[in-house]
Amino acid sequence: MIRVLFVCMGNICRSPAAEGVFQHKIAESDAGEQVSCDSAGTLDYHAGEPADPRMRRSAQSRGYELTSIARGFQVSDFDRFDWIVTMDNENFQNIVRLAPDSSAREKVRPFCDWVDLPGVSEVPDPYYGGGKGFEQVLDILENGSHSLLNWVLRGDGSSR
């Protein structure tokens, strides 16, 4: 089983949406026996909360169910997951700083490595914006999730 962890700041918008979209892609490809995913935040001030209601509504309108409960990233996640996929550069740097060694650092990848949209280098935080921000996040996640899943399934994504 290849385990992927999606990480944003608070684990209530981008990373739970990434988890939901990716779970949907896993189910569509019948890869549930091969790949699993979860999400976390670099900060744990939303720990125990469901995803932001605006993100849940936007995701649900596209057929994604966001059921995760926010939690903070733990150093032990480096042992539990094969890949740690961050939503933006700040969270990438924060997770890399927590890595106990070079092997753990190599597991950390920016989500946008798999995105094929012009001018998109990060998944923007929609929290303080309007509804269009949540839709933009989902557009980016849908664009990159298929490529990420293919990468994982080809065997490029197994660090074990």
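No value in this document is a laboratory result; all are computed from the given coordinates. Treat the numbers as computed from the prediction; the structure is a model and nothing was measured. A quick note on method: Cβ atoms are made from the backbone with ideal geometry, for glycine too, and the neighbour counts reach across all protein chains shown.
With the charge dipole of the stretch 2-153 set up from +1 on Lys and Arg Cβ and -1 on Asp and Glu Cβ about the Cα centre, the Cα lying farthest toward the positive end among the listed residues 130, 108, 10 is that of 130. By other beta-carbon atoms within 10 Å, ranking 86, 67 with the fewest at the front produces 67, 86. Among the chymotrypsin sites (Phe, Trp or Tyr not before Pro) in the stretch 90-144, those located in a DSSP loop and surrounded by at most 15 other Cβ atoms within 10 Å of their own Cβ are 128.
Taking 0.36 nm per residue of separation and subtracting the Cα-Cα distance, full extension of the segment from residue 147 to residue 80 would add 21.9 nm.
Placing R0 at 22 angstrom, the Cβ-Cβ distance between residue 44 and residue 97 gives a FRET efficiency of 0.85 after rounding to 0.05.
Couplings 3J(HN,Hα) for the stretch 60-65, derived from phi with the Karplus relation 6.51 cos²θ - 1.76 cosθ + 1.60 (θ = phi - 60°), are 4, 5, 9, x, 10, 9 Hz, where x marks Gly and Pro. Rounded, prolate or oblate for the stretch 97-160? Axes are the square roots of the Cα gyration tensor eigenvalues, ordered a ≥ b ≥ c, and the cut-off for rounded is a/c under 1.5. Oblate, because a/c is 1.5 or more while a/b does not exceed b/c.
A DSSP coil position with no more than 15 other Cβ atoms inside 10 Å describes the following GluC sites (Glu not before Pro) in the stretch 64-160: 65, 106.
The simple Förster model, with R0 at 30 Å and r as the Cβ-Cβ distance, assigns residue 120 and residue 28 a FRET efficiency of 0.85. Across the chain, the fraction of Cα-Cα pairs farther apart than 25 Å, rounded to a whole number, is 21%.
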